[in-house]
Amino acid sequence: MYKMKNIIKLEEAGMLILAIGGLIIAHASWWWYLLLAIGPDISMIGYTGGNKTGAFFYNLFHHKGIAVVIFLLGFFIDNTILELTGIILFGHSSLDRMLGYGLKLNEGFKYTHLGIIGKK
C-alpha cells in the first residue's frame, strides 16, 4: 500500500510534467526551463528582512493559486510572458513540494505547511 506522502509526491510530479509540457507547447527557450528549476527561489532574499517578511515573499512566489492567476491573466490579455511566468511559478512550486519543501510559516525557513524541513 502506498503511503500518503508518496501519493502526494506523485501528484506533484504530474503537475511538474504538466508545466514542462506547457513550456514545450509554447516553444519556450531553454532558459525558461532553467527558471523553472531555480527562478522563484530568488524570493528567499526576503529572509534578509526576517522570518515574517521572508515567509511572505517566499509564499508569494510559491503559491500555486497565484501562479494560475498570472497564467490566466496572460492568457486573457494575450501576453506570452505572463503565461510563461505562471507556468514557471506553478511548475517550480510542484517541484519544491515533490522534494518536500512547502509554503513557509512565520517561525522560520525550515517550518513549512508540509512539516519541518530535514525532520525525519
Completion exercise
If 107, 12 are placed from fewest to most neighbouring beta carbons inside 10 Å, the sequence is 107, 12
Fill in the blank from the handout: Rounded to the nearest 10, the angle in degrees between the Cα long axis of helix 4-25 and the longest principal axis of the Cα atoms of the chain comes to 30 degrees
Exercise for the section: Please build a GNM for the chain, connecting alpha carbons under 10 Å apart, and tell me which residue among 21, 49, 91 fluctuates the most. Expected result: 49
Completion exercise
Rounded to the nearest Å, the spacing of the alpha-carbon centers of segment 1-70 and segment 79-108 is 2 Å
Exercise for the section: Note the angle between two axes, namely the Cα long axis of helix 80-98 and the longest principal axis of the Cα atoms of the chain, as a number of degrees from 0 to 90, rounded to the nearest 10. Expected result: 30 degrees
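Can you give me the relative contact order of the chain as a percent, contacts being Cα pairs under 8 Å and 6 or more apart? Could the numbers behind the result be given before it?
Values: 160 pairs, mean separation 34.3, N = 120.
Once normalised by length, the contact order is 29 percent.
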Problem - Nearest-ten-degree value, helix 51-62 long axis tilted from longest Cα axis of the chain - result: 30 degrees
Practice task
Could you work out how far apart the two model spin labels at residue 10 and residue 37 are, taking each label as a point 7 Å from the Cα in the direction of the beta carbon, and quote it in nm?
Solution key: 2.7 nm
Fill in the blank from the handout: Extension length gain for residue 113 and residue 72 (0.36 nm per residue less Cα distance), in nm, is 12.2 nm
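Computed from the coordinates by the stated procedures, all read-outs in this text should not be read as laboratory data. As the structure is a computational prediction, the values presented were derived from the model and not from experiment. FYI the Cβ positions are ideal-geometry reconstructions off the backbone, even for glycines, and counts take in every protein chain you see.
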